[in-house]
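This report refers to the structure that appears directly beneath it.
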Amino acid sequence: MGKMLEVVDELKKKFPEVNKAGGFFSTAEYTLYRQGPGLDSLVNKQMKLSDKDFLFYYGAVASFISFTDTYFYFSGVSSGNTRDCDISTIMPFSKAKFSAFSSIPIYRIKIASLLRIKLIDRGRYAAIGSENIYNFCFENTDESENIATSVWPSDANNFYYSIINLFTDIVCKDNLIMLAKNKEQFLDYDQAIEIWEEIGKPEEAGRVRKLKATQGAVKVDQTVVHGDYVDDRDTTYVDDRDTIIKDSVVSKSNIGAGGDDKLTKIKELKELLSEGLIDAAEFQQMKKEILGK
């Protein structure tokens, strides 16, 4: 519960608590931070939910935002219009009553799956009124992307963006760190480096680069075999002519052969000796092997 409590603590520094139940001539307004049965009851009633342990609740006109340590809830648009940005790819989790004649969708996002979140202000919803259209854009750990559209009072812009920024800096960052470690564990070093750089940890990105280079060096060392060539998928030829020639001559010397063949092999040895590819001791040893001594 630590990360979501961090979000709550930061919000409390910027926005005071508000608890106005409203009446016949006034609208209810809530900005509540405390956790307990009272807050659970209010949020479940207002947003038509059945959750518990709510840490935060904001409610004003037709805009609702709340979250627990597990889920982020918020209200969507109450009716469609012809604007291209009025879209939602997330199915509503519930529907809250907006008036006697209409309801608004309530969306739910799993906090542990949230990698990136962005809020886009699309401008006025209608010619009359102070509501703006907002698009929530989400990227999740399963690589899926979703959009949800809300219509909220524009005078609380600063409040909405403060919530999103805190989610990005605290919640999403923590989830990205876990994802980077997971990528590293499964040797996806390039993705791990990219994530570490995204969240502003160049020292971690550098550490993974060194690990990647070390692993690459170990792989090369393990695939190079002293001799002819190594078929390591790419069938890379190892040009170790000195060793190849020596091995070739020795292998030939172990095969029974006639006098002419022996003389030919000794001539080859002399050429190797004169070219400096073998020393005198090696020449004598190979000569003995050829002559069978």
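Read-outs: derived from the displayed coordinates by stated rules, not from any lab. The shown structure was predicted, so the numbers you read here are calculated from the model rather than taken from an experiment. Neighbour counts run over all protein chains shown; Cβ positions are idealised from the backbone, glycine included.
Listing 73, 189 from the residue with the fewest other Cβ atoms within 10 Å to the one with the most, what is the order? Write out the running numbers ahead of the final one.
Working: 73 23, 189 18.
Least crowded to most crowded, the residues run 189, 73.
Put simply, when 179-188, 104-113 are sorted by average Cβ atoms within 10 angstrom per residue, most first, you get 104-113, 179-188.
Of all lysines in the structure, those lying under 25 Å Cα to Cα from residue 97, and not within fewer than 8 positions of it along the same chain, are 20, 45, 48, 52, 110.
Kindly put 9, 69 in sequence by how many other C-beta atoms sit within 10 Å of each C-beta, fewest to most. Each step should come with its number before you reach the end.
On the way: 9 12, 69 15.
Fewest-to-most ranking of 9, 69: 9, 69.
Where a ≥ b ≥ c are the square roots of the eigenvalues of the C-alpha gyration tensor, would you call the stretch 2-172 rounded, which needs a/c under 1.5, or, failing that, prolate if a/b is larger than b/c, or oblate? Cα axes put the stretch 2-172 in the rounded bin.
Give me the number: length gained by fully extending residue 28 to residue 127, i.e. 0.36 nm times residue separation minus the C-alpha to C-alpha distance, one decimal in nm. Kindly include the intermediate steps, with their values, before the conclusion.
Numbers: separation 99, 0.36 × 99 = 35.64 nm, distance 2.43 nm.
This chain segment gains 33.2 nm when fully extended.
I need 142, 169 ordered by Cβ neighbour count within 10 Å, fewest first. Before the final figure, lay out the partial values.
Numbers: 142 7, 169 14.
Ordered from fewest to most neighbouring Cβ atoms within 10 Å, 142, 169 come out as 142, 169.
Between residue 103 and 98, the built amide H atoms are under 5 Å apart, and every one of these is 5 or more places off in sequence or on another chain.
Provide the FRET efficiency to the nearest 0.05 for the residue 52-residue 201 pair, computing r from the beta carbons and using R0 = 30 Å. Write out the running numbers ahead of the final one.
Values: r = 35 Å, r/R0 = 1.17.
Between residue 52 and residue 201 the formula returns 0.30.
Each residue of the stretch 102-109 was assigned a 3J(HN,Hα) from its phi angle through the Karplus expression (A = 6.51, B = -1.76, C = 1.60, θ = phi - 60°), giving 8, 9, 10, x, 10, 9, 10, 10 Hz with x at Gly and Pro. Taking amide H as placed 1.01 Å from N in the peptide plane, the amide H of residue 115 sits under 5 Å from that of 139, 140, 141, each at least 5 places away or on another chain. Taking label points 7 Å from Cα along the Cα-to-Cβ direction, residue 69 and residue 291 give a separation of 8.7 nm.
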